[in-house]
Amino acid sequence: MQKAIIGKKIGMTQIFDEKGTVIPVTVVEAGPCVVSQIKTVENDGYASVQMGYGDLKAKKVNKPMKGHFDKANAAPKRTLREFRFDDTSKYELGQILKADVFAAGDKVDVTGTSKGKGYAGVIKRWNFQRLKESHGSGPVARHGGSMGACSSPSRVWKGKKMAGHLGAERVTVQNLAVVKVDAENNLIAIKGAVPGPNGGIVVIRDTVKA
């Protein structure tokens, strides 16, 4: 059975295994999530499961979305994510999923949004080298330099590394190990670092084996 869950990154800590080895972990509040829609190949052309996480006031939901959640007999949810599964027969509309869908030892992929760092120059954004600050470099020691385009093609090539928005990108860290699951409090401890700031939404799903 393919598994996935939506959660919120709480922060990092460390735990000890039975041998006393320190394991750095990221704690994620995983679920509870509700199955808000199940798509099938016959009806939609592909199979997937849509899950909702985080309660939302009913007055903040428009009528189409209210009807969408009413079909699942569920309260409105703030975050919706869709997961393509080969087999959706193990899921039911309105089903509640909690952290215990995963167990210690499972391998997972975690997707989140990295921290936004605003507008950044080429040195911070792309690790460009700076010019020497002597013998005529002037006030351009941290500038990006030539764009490399003359009268032909008379434009900057698409994808050119330049200054711009840094961070706030979708990042997936693969093949992380689940160290501990606290089903009572819906917490999952994952070995290593998980993308995104504390409080950010993350998606956990089992690692797809090639």
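The values are calculated or read from the model by the stated rules, or taken from the named source; none is laboratory data. On a predicted model such as this, the values are computed, not experimentally measured, just so you know. Cβ: placed from backbone, ideal geometry, glycine included. Neighbour counts: every protein chain shown. Only protein heavy atoms, including side chains, enter the accessible area calculation; ligands, DNA and RNA are left aside. Shrake-Rupley method; radii C 1.70, N 1.55, O 1.52, S 1.80 Å.
Structure data summary
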item	result
Some residue of segment 89-98 being farther than 23 Å from Ala47 by Cβ, outside any helix (DSSP H, G or I), of a type in the set (A, V, I, L, M) and open to solvent by 30 Å² or more (accessible area, probe 1.4 Å)	no
Residue identified as at pLDDT 90 or above, open to solvent by 40 Å² or more (accessible area, probe 1.4 Å) and in contact with a Gly (Cβ under 9 Å, 6 or more places away or on another chain) among Arg78, Arg84	Arg78
Pick from segment 147-168, criterion closer than 21 Å to Trp126 by Cα and part of a strand (DSSP E or B), ranking: nearest to the chain's Cα centre (by Cα)	Gly167
Some residue of segment 146-155 being surrounded by 10 or more Cβ atoms within 10 Å (Cβ to Cβ) and modelled with pLDDT of 85 or more	no
Residue in segment 121-143 that is farthest from Ala163 (Cα to Cα), counting only those that are within 32 Å of the chain's Cα centre (by Cα) and of a type outside the set (Gly, Ala, Ser)	Gln129
Count - residues of segment 44-75 that are open to solvent by 100 Å² or more (accessible area, probe 1.4 Å) and assigned to a loop (DSSP other than H, G, I, E, B)	2
Candidate set: segment 17-39, residues that are among the hydroxyl-bearing types (Ser, Thr, Tyr) and open to solvent by less than 10 Å² (accessible area, probe 1.4 Å); chosen: the one modelled with the lowest pLDDT	Ser36
Matching residues in segment 104-127 - criterion: being part of a loop (DSSP other than H, G, I, E, B) and either touching a residue at least 40 places away in the same chain (Cβ under 8 Å) or crowded, with 16+ Cβ neighbours inside 10 Å (or both)	Ala104, Gly105, Asp106, Ser114, Lys115, Gly121
